[in-house]
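The values are calculated or read from the model by the stated rules, or taken from the named source; none is laboratory data. What you are looking at is a predicted structure, and each value in this text was computed from that prediction instead of being measured. Here Cβ is always computed from backbone atoms with ideal geometry, including for glycine, and neighbour counts include all displayed protein chains. Accessible surface is based on the protein model in full, side chains and every heavy atom, while ligands, DNA and RNA are left aside. Shrake-Rupley method; radii C 1.70, N 1.55, O 1.52, S 1.80 Å.
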Amino acid sequence: MKGILRKISHFFTDLSCKNDVTFGMGTKFTRTAKVENISKNKKNINIGNFSRIEGRLVVFKYGGRIDMGDFVYIGTGSNIWSGESVFIGNNVLISHNVNIIDTNSHEIDHYEREIRYKSLLNYGHPIDKSSIITGPIVIEDNVWISFGASILKNVTIGKGSIVAACSVVTKDVPSFCLVAGNPAKVVKKLN
């Protein structure tokens with residue numbers, strides 16, 4: 001009986017998430033997946049073929065776009081937040097509890113931040129970016145991002161690279177290398 005209920009729950013989660021995205025053949029959303037397409041434009045979240053989403057995808061109303069290739073895995077508890085653009089190539093594995101965020105999410109100035117937050121509570125998400133700083137993220141093909149890592153704005157992670165567990169990526173990562181630490185640094189070249 002529990003198996004049947006789990007399948008029914010998974011079916012409705014999959015269906016609900018797919019209402020807010022464009023996706024390819026064989027792409028699945030598990031029962032832990034969540035899509036918050038605040039922009040209400042399903043073309044702002046594009047997922048290729050045979051991908052599996054267990055985490056959360058968020059696109060802000062003031063902007064943002066998430067594009068994924070084929071055979072992408074997003075683990076449970078992982079969040080991708082976009083106020084500008086996040087591009088994820090093919091065959092990318094993003095483990096559990098990873099945060100990928102291309103925006104500061106809030107203003108630097110405390111007064112402006114206070115006013116914007118109160119406006120959000122009263123009127124909902126704003127349609128303009130204001131002074132929030134954003135920057136694109138590019139994750140190239142065949143990258144593995146291990147659990148608990150954070151990828152911040154204005155970063156490109158090169159093809160075939162690995163981001164070690166709990167690392168914080170603040171600068172570009174060359175292709176075919178292992179990075180680790182906070183801030184993440186190259187610790188090994190890969191074949």
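Would you mind telling me the share, in percent, of accessible area of the range 115-171 contributed by carbon and sulfur at probe 1.4 angstrom?
Accessible surface attributable to carbon and sulfur in the range 115-171 totals 60 percent.
Within 12 Å, Cβ to Cβ, of ALA164, how many net charges do the neighbouring residues add up to if Lys/Arg are +1 and Asp/Glu are -1?
+2
For the range 43-191, state what percent of all Cα-Cα pairs lands in each successive 10 Å bin, counting from 0 Å until the bin that includes the largest distance.
12, 41, 31, 14, 2, 0
Accessible area per residue, 1.4 Å probe, Å², for the chain: what's the number?
53
Once each part is reduced to its C-alpha centroid, what is the distance from the range 27-54 to the range 67-119 in angstrom?
The range 27-54 and the range 67-119 have Cα centres spaced 13 Å from each other.
So what is the relative contact order for the chain, in percent, with contacts set as C-alpha pairs under 8 Å and at least six apart?
13
For the range 107-191, what D do you get in µm² per second when you plug the Kirkwood radius from alpha-carbon pairs into Stokes-Einstein at 10 °C and 1.306 mPa s?
The calculation lands on 109 µm²/s.
Which value, in nm² and rounded to one decimal, describes the direction-averaged projected area of the C-alpha convex hull of the range 44-109?
With the hull built on Cα positions only, its mean projection is 4.3 nm².
As a test, work out the antiparallel percent of DSSP beta bridges whose residues both lie in the chain, rounded to the nearest 5.
Looking only at bridges with both residues in the chain, the antiparallel portion is about 10 percent.
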